[in-house]
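All remarks here apply to the structure that follows.
Every number in this text was worked out from the coordinates using simple rules, so none of it is lab data. Bear in mind the structure is a predicted one, so any value in this text is a computation, not a measurement. Cβ placement follows ideal geometry from the backbone for every residue including glycine, while neighbour counts extend to all protein chains displayed.
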Ligand code: IMP
């Protein structure tokens, strides 16, 4: 006979935290959000930690090198998506590791034959007003000029006017050699009263752009995620099919941690992949696995050597797994059960295996709840897709700016490896949708706001660290009637001005 759970599975919105005693020491500026990323033995320090408990989802519409840098600057970590060629994914990893703070690889480029209309489209999509003109229209091409909004007047010029006719030509640009330091670049920017300095190599190919505003901004990042050589930390998604080729390439490119990206992790495929990595690289290479939603799944992956375990099936914003296949579990229930299993495993073996709650974070307070329920960190897709730094297009829909966001199981992503159960190399049906999410501005501003709420709630619970929150949190289920009470009610809202 089938096994029946006694309780329904629940999600974050069905719970609230009940405040505990907070002393005068409990102030948000004293809260540490540092959290382990990979397994460690009792009494030892984890080989990898992050400064904030947030990582970005292994998705085409979320985690590329640009988002990875922005998140590492705030103390988190991205897992660059694996649903691309091994070469392209490795190149993204390399770009993060090569990234020099303040030195930007131009992502808005045109060729001289393109038109004013193309420039306006790119500016609208990326929000960037400085566009590099290169021979082939690509980031590392031979630099022929720069276009900024000072070079054109939309009302006076034809949309099909060629870029070559109105760009500021290379001969008239202030530029510098690729080896210029950030301090030197900044001095040149100030001496010549310019906003952007292109750095080129001996072949006149564009290597970096240095912006006036980035120099000041960089000085303010105190809690970055960096390795021993002060390069940003970055993770990479892998699958259970081509790991023998993908893993060596990603490690060679400099990936700091890997994660098997799969919709269902309680499988022999994951064990085979973990065995391969541990056999070939021992303990040096850190790799997470998942996703699971119960204690059994957790223990299987922990025993198989996973360095962290990811939780969540069916709760993602773009996910239709539950309606397509009828599998999954309410995210809160899954986290609570797996956290209990993680603690028991630690008691028995002395090995702490961090757990990550993946997907279904809708409100900022869901992050605090996930942590309080036992998650060591959370993975978010929809949340990060809304920001300037995500890889997708910003579009204007009926007067509101939106960003594209599509699932890895959608026909658009075609990530069949994520859903692979040993079948054909194709998606036989979709498990994700292609959608839009409201554009929300910069990653830095949003992450800081979210975390200020997390810190504040932690203080209400009398906790200055995540383990303290997990030990002290008092969590209550809420009735559907009191959920209504949770928002503004019985008032008529004034217009938001
Ligand atoms: P979100 O933060 O609610 O948007 O959820 C993001 C998570 O959804 C990812 O980290 C994946 O675990 C999961 N996911 C990504 N693409 C798909 C899909 O196409 N179908 C189902 N789940 C997906």
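Which percent, nearest 5, of DSSP beta bridges in the chain are antiparallel?
Beta bridges within the chain, antiparallel portion: roughly 55 percent.
Could you list 157, 402 in order of exposure, starting from the residue whose Cβ has the fewest other Cβ atoms within 10 Å?
157, 402
How many nm is it between the label spots at residue 126 and residue 105, if each spot is 7 Å from the Cα in line with the beta carbon?
1.3 nm
Stokes-Einstein at 4 °C, 1.567 mPa s, Kirkwood radius from Cα pairs: D for region 1-66 in µm² s⁻¹?
The estimated diffusion coefficient comes to 75 µm²/s.
Considering only DSSP beta bridges where both residues belong to region 338-497, give the percentage that are antiparallel (nearest 5).
So the antiparallel bridges amount to about 70 percent of the total.
Quick one: length gained pulling residue 183 to residue 201 fully straight, 0.36 nm per residue minus the C-alpha distance?
4.6 nm
Please order 96, 335 by the number of other Cβ within 10 Å, starting at the fewest.
Ascending number of Cβ neighbours within 10 Å: 96, 335.
At what distance in nm do the modelled label points of residue 229 and residue 324 sit from each other, each positioned 7 Å from its Cα along Cα→Cβ?
So the label points at residue 229 and residue 324 sit 4.0 nm apart.
Quick one: 42, 66, 494, fewest Cβ neighbours within 10 Å first, how do they rank?
Final ranking by Cβ density, sparse to dense: 494, 42, 66.
How high is the relative contact order of region 395-469, given as a whole-number percent (alpha carbon pairs under 8 Å, six or more residues apart)?
Once normalised by length, the contact order is 27 percent.
Kirkwood Rh, the chain, all Cα pairs: how many Å?
That comes to 24.2 Å for the chain.
Could you work out how far helix 182-191 tilts from the main Cα principal axis of the chain, as a 0 to 90 degree angle to the nearest 10?
The angle comes out at about 40 degrees.
What FRET efficiency do you get for residue 472 and residue 44 if R0 is 25 Å and r is their Cβ-Cβ distance, rounded to the nearest 0.05?
After rounding to 0.05, the efficiency reads 0.55.
Determine the distance separating the Cα centre of region 237-314 from the Cα centre of region 13-55; give it in Å without decimals.
Each part reduced to its Cα centre gives a spacing of 24 Å.
Using 0.36 nm per residue, how much length does the chain from residue 362 to residue 156 gain when fully extended, once their Cα-Cα distance is taken away?
Computed gain between residue 362 and residue 156 is 69.6 nm.
If you fit an axis through the alpha-carbon atoms of helix 116-126 and take the longest principal axis of the Cα set of the chain, what angle between them do you get, 0 to 90°, nearest 10?
30 degrees
Counting DSSP beta bridges with both partners in region 171-279, what percentage is antiparallel, nearest 5?
50 percent
I want to check the label-to-label distance for residue 252 and residue 344. Put each point 7 Å from Cα in the C-beta direction and report it in nm to one decimal.
4.4 nm
What FRET efficiency, computed as 1/(1 + (r/R0)^6) with R0 = 45 Å and r the Cβ-Cβ distance, is obtained for residue 492 and residue 4, rounded to the nearest 0.05?
0.45
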